[in-house]
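Below: the structure, in structure tokens.
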Amino acid sequence: MKKNLFLVIFLSAFFVKCEKVETYSEIPEIKYTGFEVISGDGEYIMVNGILSFSFIDGDGDIGFGENADTSTTQQYDIFIIEYFLQNDTFRYYDTINYWMPYFEEGIYRESIKGDIDILLPRTILSPDTVRYEFYILDRANHLSNKEITPDIIYSELVEQ
């Protein structure tokens, strides 16, 4: 009986101690999580859009080393393409590039995930109805999936 009790306790402790490690693809994956509008400075920036998305990268190679030192040329790794509505068709307007901070690979875990908020300033000359297509790039030059926002009408969001 003592032998069986010991075996049950040992096996229970073994299964409790084994944490399942989640694995993800080495190709980054992003997911659109939302968009909001906040007021600008009132002088040049009328409003600011905030594009929010989450990311997961299985091998954690997000952000370029150059991005840790702002005195050097930085490597863009967030790409946002803006389209504006003209005559019931969305047309290319601009490409906006950003960089993520450098994350050291494998310090805590192999994979890395997080949330990103991008500030998109709007002037009086900016189009009112837009949509954004965006994606990220890791150090191995893997492009993530592309996400597209729903149609955004800034004038309606400011009124809310």
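As a ratio to 2.2 N^0.38 Å, the alpha-carbon radius of gyration for region 24-159 is 1.14. Here each label is just a point 7 Å from Cα along the line to Cβ, and for residue 110 and residue 157 those points are 3.8 nm apart. Compared with the direct C-alpha span, the chain from residue 91 to residue 25 gains 20.5 nm at full extension, assuming 0.36 nm per residue. Summing Lys, Arg as +1 and Asp, Glu as -1, what charge do residues with Cβ under 11 Å from the Cβ of residue 122 carry, residue 122 excluded? Spelling it out: positives minus negatives among the neighbours equals -2. Among 52, 39, 144, the ranking by other beta carbons within 10 Å of each residue's beta carbon, starting with the fewest, stands as 39, 52, 144. Of the chymotrypsin sites (Phe, Trp or Tyr not before Pro) found in region 86-160, the ones in coil according to DSSP and having at most 14 other Cβ atoms within 10 Å of their Cβ are 108. Its Cα centre serving as origin, region 24-159 has a Cβ charge dipole (Lys and Arg +1, Asp and Glu -1) of approximately 200 debye. Each residue of region 110-127 was assigned a 3J(HN,Hα) from its phi angle through the Karplus expression (A = 6.51, B = -1.76, C = 1.60, θ = phi - 60°), giving 6, 8, 9, 8, x, 10, 10, 10, 10, 8, 10, x, 10, 9, 5, 8, 5, x Hz with x at Gly and Pro.
The trypsin sites (Lys or Arg not before Pro) of region 76-160 that DSSP puts in a loop, and whose beta carbon has at most 16 other beta carbons within 10 Å, are 109, 146.
Dividing the mean sequence gap of close Cα pairs (under 8 Å, 6+ apart) by how many residues region 24-159 holds gives a relative contact order of 33 percent.
A short reminder: the numbers here are calculations on the coordinates, not readings from a lab. This is a predicted model, so every value here is computed, not measured. Cβ coordinates were reconstructed from backbone atoms using ideal geometry, including for glycine residues, and neighbour counts include every protein chain displayed.
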